[in-house]
Structure formats: structure tokens, C-alpha cells
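Input: a single structure, listed below in C-alpha cells.
The values are calculated or read from the model by the stated rules, or taken from the named source; none is laboratory data. Just so we're clear, the structure is a prediction, and the values are computed from it rather than from any experiment. Backbone-built Cβ (ideal geometry, glycine too); neighbour counts: all protein chains shown. These area figures cover heavy atoms from the full protein model, side chains too; ligands, DNA and RNA do not enter into them. Shrake-Rupley method; radii C 1.70, N 1.55, O 1.52, S 1.80 Å.
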Amino acid sequence: MGTYRYCLCFTRKFKVKQAEPPEDVRQAFKKYADGAATMSAEQLWRFLVEFQGEGGASVADAQRVVDQVLHKHHHIAKFARHALSLEDFHHFLFSTDLNPPIRSEVHQDMKAPLSHYFIYTGHNSYLTGNQLSSDCSDVPIIKALKRGVRVVELDIWPNSAKDDVHVLHGRTLTTPVELIKCLKSIRENAFATSPYPVIITLEDHLTPDLQSKVAQMFIQTFGNMLYYPEAELKEFLSPEELKYRIIISTKPPKEYLEAKSTKESSHLEKKDSEDDVWANDPLDASHSQRDDDKTEGEINEHSLEAEESDDCETESCQPGGPTYKGLIAIHAGKPKGGLKEVLKVEVDKLRRLSLSEQAIEKATESHSTDVVRFTQKNFLRVYPKGTRFNSSNYKPLVGWMLGAQMVAFNMQGYGRFLWLMHGMFRANGGCGYVKKPDFLMSVGPNNQVFDPKAKLDVKKTLKVKVYMGDGWHLDFKQTHFDLYSPPDFYVRVGIAGVPADTLMKKTRKIEDDWTPVWNQEFSFPLTVPELALLRVEVHEYDMSEKDDFAGQTCLPVSELKSGVRAIPLHDRKGEKFNSAKLLMRFDFV
């Protein structure tokens with residue numbers, strides 16, 4: 001029961017209703033229970049196979065579900081009763097543990113070269129907040145690794161005495177953290193969530209003697225975990241072969257003093273943040289996000305990172321370099337000339353190229369197929385532009401569409417683009433490696449590759465039905481959304497993907513109800529379902545101010561299970577709510 005004060009004169013009472021099974025659930029129960037009052041394990045098994053599309057399910061699996069539901073909701077001893085009532089059946093379908101929307105185990109082929117995967121990648125992984133004045137710490141690194149992030153970026157600089165190495169965002173007011181502390185935290189947390197390799201990308205501003213010191217730190221901290229090839233690689237090893245290994249990727253600068261100074265701290269122009277702009281959604285097809293500071297002409301120095309400013313190819317010009325250089329498994333190659341030259345694929349050489357978000361947008365316009373061809377063999381890392389001082393992010397699909405493996409994100413920020421990143425890497429059991437779709441890796445008979453700009457036919461249509469929601473009354477205070485009455489919830493649901501597939505729709509709002517029932521269906525035609533992400537957001541309508549946020553999730557369309565599913569919701573930072581969830585149905589036609 002919720003009690004709300006109204007006009008200070010009287011109170012209104014609203015009862016929190018029990019979530020009733022929607023009509024589709026009642027009909028499915030009636031059909032598979034053969035009209036009886038209860039459903040047996042065999043009947044549930046038929047439902048799982050025929051209605052939910054779970055061809056691999058067995059009667060034993062169904063029996064386990066029956067036992068768990070009965071035990072959880074009735075505390076019945078295992079063999080006291082063997083069948084589900086309609087209410088039990090509804091509890092099962094609305095359970096995010098027993099009936100999740102996507103698979104929870106690693107199921108993709110993990111034996112292809114590392115460059116055949118999208119990799120969960122962090123940017124400035126050591127920052128606790130903004131890019132200019134926040135603390136540097138190992139805490140965000142630990143958090144990211146526990147979330148499944150597999151690429152950690154460290155900017156390494158000499159300390160003031162020039163006798164030790166600090167991690168900090170150079171030429172800003174960020175307070176440093178010792179490199180050794182970060183390395184120890186990586187060692188302790190690297191494989192907490194996933195056994196697949198962790199790549200450390202270094203932006204290196206060190207003198208040769210400090211590079212030698214760093215080499216020793218790596219060897220002493222990681223020991224046998226450290227993977228470095230005896231000779232330069234002709235093809236990358238697979239995630240399977242590199243399980244529980246740490247990989248270093250960088251290219252040492254010639255002299256740290258020559259490292260190009262970025263102009264980040266000199267022009268504190270207005271940040272363009274996508275966070276919390278509910279009214280003006282940068283992900284909707286109607287709104288094309290452009291950068292105001294996009295440069296014309298060839299790639300300029302701001303498009304390429306300081307880590308790639310080395311002209312010194314011989315080891316002899318770097319005293320103490322060989323040990324350090326020998327530890328680098330993925331070489332960051334120095335681009336020379338314009339985009340076309342930068343993207344040349346060399347027969348016997350593998351490298352990693354870093355491009356800013358502006359450079360990748362430019363590449364999409366003029367050299368998209370060159371980028372796709374480059375990423376079939378080499379690594380491409382995309383990073384946020386320098387003016388994102390508040391640690392906001394950019395549209396990740398721009399990089400993924402071109403096959404970029406490392407779309408680097410500020411994991412300490414939050415906002416819609418970061419939700420997409422979380423969504424993409426819920427795929428493949430959340431292990432941090434998602435196999436690139438075949439079309440990004442294939443070469444046609446005339447040496448042609450995927451062209452992101454080509455107009456494509458619809459491959460399949462995803463039908464999404466939003467039934468109902470529940471659990472907010474357990475996660476939020478009674479007056480969180482409205483002081484005078486229960487919330488008025490509505491759902492925004494849609495697709496983030498290639499431009500042709502990107503679309504958002506919304507349900508009607510249900511007034512004064514903690515357990516809203518919408519029963520609305522939407523169709524989304526998809527030309528590239530392999531790269532599509534289902535976006536779901538719940539908001540509470542507010543007449544006088546902007547609508548309140550009530551939960552979100554993002555799920556890879558390629559992993560969606562068909563049938564009726566329970567969808568867990570997350571807060572703005574991507575942390576799962578304890579109870580708030582939706583009941584939805586997915587069908588592919």
C-alpha cells in the first residue's frame with residue numbers, strides 16, 4: 001500500500017498490485033498444459049522447445065526449472081509437487097535468472113586470430129572522473145576488469161625526480177598514481193571475470209632508462225603471464241591460445257621530450273556531452289552527431305596519438321630499449337602521409353593504428369573499404385577526441401561498422417553511448433571478446449570487402465512486444481518519482497546499429513501504476529542485424545519537468561533468445577537494479 005499526501009488536506013492510498021500474467025502468457029499456459037490447472041515438466045519442456053525456441057532444452061532442464069520455481073515461491077520440498085500453476089509459470093517467465101534474454105556462456109569460436117574480434121576497450125583507464133583534474137587511481141582499472149574490459153590504457157610519465165614512473169593524464173591537473181600499483185592491481189584482477197587475454201596499451205612518455213625500469217616491472221609483476229613473441233608476429237594468436245596472458249601494445253617514442261603536446265589544456269571549449277539529453281537523443285536516426293572541431297585535409301597531428309611519434313626503428317638508438325621493445329607483442333605503427341597510406345596493409349607486418357573519433361568519421365566518408373580491409377588483419381583503435389574533458393563518449397557503431405577491434409571508451413563516465421558499449425559486450429558470455437561478423441572478414445571474388453555506405457536489403461525483422469514491468473516499488477522510495485501519486489511509466493524501445501537500422505519508438509504512458517502493463521508490439525526491419533543492439537529505456541512522465549529515468553538496458557540483437565523473456569534493468573552507470581525488470585517477447589521474421 002502506498003500513501004501519498006495530496007494538497008496537504010487529505011491522503012490518497014494506492015495499492016501496489018501483484019503482477020498479473022499477460023494474456024499471451026495465459027494462452028501459452030492453457031495450450032501447453034492441455035487446459036489443465038497445472039503444467040508438468042514434460043509440458044514445460046514442450047513449451048521451451050516450441051514456443052521459446054530452445055531446441056537444446058531437455059526434460060531434465062524443465063524439471064530443474066519446476067523444482068527451482070516451486071522451491072523459491074512455495075518453499076516446497078523437492079518432491080512434494082511436480083507441476084506449475086499459472087502463477088508459478090508466470091514467476092518463471094518473469095525471472096531474470098531462470099529466463100534471461102540472452103545466453104550467459106561463451107559460445108563463439110575463440111580460435112581465430114585476435115584481430116578477428118571486437119575487444120572491450122578502455123580509454124585513460126586510470127582516471128576516476130574528468131580528463132583534467134580527477135584523481136588517477138587503480139580503482140577504475142579494477143572496476144573495468146571486473147566488468148569484463150580486456151584492454152586497459154595507461155599513460156606513463158617520469159615522476160618529478162625522474163627516477164620512477166607515474167601514471168597520469170599528461171599536462172593536466174590529474175594527480176598521479178604509481179605505475180607499479182596499477183600493474184599489481186591488473187595482475188590480481190585481470191581474470192576475475194574472463195580468462196581471455198588482457199592487453200595493456202601504453203602511451204609512453206619515458207626516457208630510455210625509465211623504459212628499462214618499466215620492462216623490469218612488467219617482468220617481475222607478471223612473470224609467466226606476460227606474452228611476448230620471440231620474433232615479430234606474422235599472424236596474431238587466438239584468444240584461446242592466449243588465455244590468462246597479459247599482452248603489451250605500444251611503440252616507444254624517440255625521446256619523451258619530443259612527444260607532441262596535445263592542445264587539450266589550452267582551449268577549454270564547451271564539451272559536447274551526450275549524457276542525459278533525454279529530449280535530444282543523439283542516437284536517434286533523426287539526429288546526426290557532427291563534431292564542431294572536425295579538421296579538413298589529411299589526418300593532422302590531433303588525429304594520431306603521441307604514442308605514434310617515433311621515427312627511430314633501430315634498437316641501437318634506444319639505449320636500454322631492446323628489453324623494453326622485446327616485450328611489445330602488438331606494435332603500434334607510425335602512420336606516414338594521408339589516410340590512404342596509413343591504411344596500407346603490409347604483407348609481412350602486423351600493427352596497431354590509433355585514430356581519433358574525428359579521423360574515423362572522416363575515414364568513413366572517404367576510405368571506408370580501405371579501413372575494413374586494414375582491420376581484417378591489423379588492429380585499429382579508435383579513441384575519444386581530446387575535447388571530451390568530462391569523460392563522455394562517442395558513437396561506437398562508427399568504429400564497429402568498419403571492423404575496428406578496439407573502440408576505446410571512458411568507462412568511468414556514463415551516458416547512452418556507454419550503455420551501447422555495455423550492451424555489445426554482454427554478448428558471448430560477457431568474456432570481453434566478440435567475434436566480428438563474417439561479412440567484415442570476408443573478401444569477394446574481385447577482392448571487394450564490406451562497404452558500410454552501400455544500400456542493403458532488409459535481412460530480417462525483429463518484432464518486440466513490451467508486456468509489463470515490475471520491481472520499481474522495491475528499488476525506489478515511494479515518492480521517488482512523484483510526491484503525490486504512483487509513477488506514470490512508459491518505455492522507449494529501439495535499435496542502435498548501422499544508420500539504416502537506427503530507430504526509436506515508445507509505448508503509451510500508464511498512469512499511477514507501480515506494475516504497468518503496456519501490451520504493445522513494435523517491428524524493426526534490420527539490414528545488418530549482426531551489428532544491431534536493442535535499446536530499452538524506461539522513463540516516468542513528468543508534466544512540469546523533464547521525465548525521470550527509471551532504468552535501461554542494451555542487448556545484442558544477434559544474441560536475443562526468441563519467446564517471452566525477463567529483461568533486467570540497469571541504472572545510469574550500468575549497474576543492475578535488484579528488482580526492476582520488464583517482461584518482453586522477441587520474434588524474428
Report the gain in length on full extension from residue 175 to residue 219: 0.36 nm times residue separation, minus Cα-Cα distance, nm rounded to one decimal.
13.2 nm
Just need the relative contact order of the stretch 448-540 here, percent rounded to a whole number, with Cα pairs under 8 Å and 6+ apart.
40
If you project the alpha carbons of the stretch 448-511 onto their three principal axes, what span does each projection cover, largest first, in Å?
61, 18, 17
Provide Rg and Dmax in Å for the stretch 107-241, with only Cα atoms included in the calculation.
15.5, 50
If R0 is 30 Å, what FRET efficiency do you get for residue 545 and residue 23 from their C-beta distance, rounded to 0.05?
0.30
Cross-link list 477/581; 395/576; 111/243: which exceed 18 angstrom alpha carbon to alpha carbon?
395/576
Solvent accessible area, Å² - residue 116, 1.4 Å probe, full protein context
40
Keeping every protein chain in place, order 585, 351 by accessible area at 1.4 Å, biggest value first, i.e. largest first.
585, 351
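At 0.36 nm per residue, minus the direct Cα-Cα distance, what do residue 520 and residue 159 gain on full extension? Give it in nm, one decimal, please. Kindly include the intermediate steps, with their values, before the conclusion.
On the way: separation 361, 0.36 × 361 = 129.96 nm, distance 5.94 nm.
Extra length from residue 520 to residue 159 when fully extended: 124.0 nm.
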Express in Å², to the nearest 10, the accessible area of residue 246 obtained by rolling a 1.4 Å probe over the protein heavy atoms while all chains stay in place.
0
Restraint check, 146/325; 31/465; 251/344; 143/251, Cα-Cα greater than 22 Å
146/325; 143/251
How large is the accessible surface per residue of the stretch 27-178, computed with a 1.4 Å probe and reported in Å² as a whole number?
44
For the stretch 141-218, place one equal point scatterer on every Cα, skip the solvent, and apply the Debye formula. What is log10 of I(q)/I(0) at q = 0.13, 0.20 Å⁻¹?
-0.40, -0.88
If you keep only loop residues by DSSP, which trypsin sites (Lys or Arg not before Pro) in the stretch 104-154 have at most 13 other Cβ atoms within 10 Å of their Cβ?
111
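Can you tell me how much longer the chain between residue 37 and residue 87 gets when fully stretched, taken as 0.36 nm per residue apart minus their C-alpha distance, in nm with one decimal?
17.0 nm
Ignoring ligands, DNA and RNA, what accessible area per residue does the stretch 462-510 give at 1.4 Å, in Å²?
Values: 1900 Å² over 49 residues.
For the stretch 462-510, the per-residue accessible area is 39 Å².
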If I compute solvent accessible area with a 1.4 Å probe over the protein chains, what percent of it on the stretch 390-477 is carbon and sulfur?
50
Projected area averaged over orientations for the stretch 33-188, convex hull of C-alpha atoms, nm²
14.8
In whole angstrom, the spacing between the Cα centers of the stretch 476-517 and the stretch 535-589 equals 9
Of 555, 504, 525, whose Cα points farthest to the positive end of the dipole of the stretch 470-555 (charges on the beta-carbon: +1 Lys, Arg; -1 Asp, Glu; origin at the Cα centre)?
525
Treating only Lys and Arg (+1) and Asp and Glu (-1) as charged, each at its beta carbon, one finds that the stretch 438-506 has a dipole about its Cα centre, in Debye to the nearest 20, of 260
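Report the FRET efficiency, 1/(1 + (r/R0)^6), for residue 139 and residue 73, where r is their Cβ-Cβ distance and R0 is 45 Å, rounded to 0.05.
Working: r = 39 Å, r/R0 = 0.87.
Given R0 = 45 Å and the Cβ-Cβ separation, E is 0.70.
In debye, nearest 20, what is the charge dipole magnitude of the stretch 41-137 about its Cα centre with +1 on Lys and Arg Cβ and -1 on Asp and Glu Cβ, if you could check?
120
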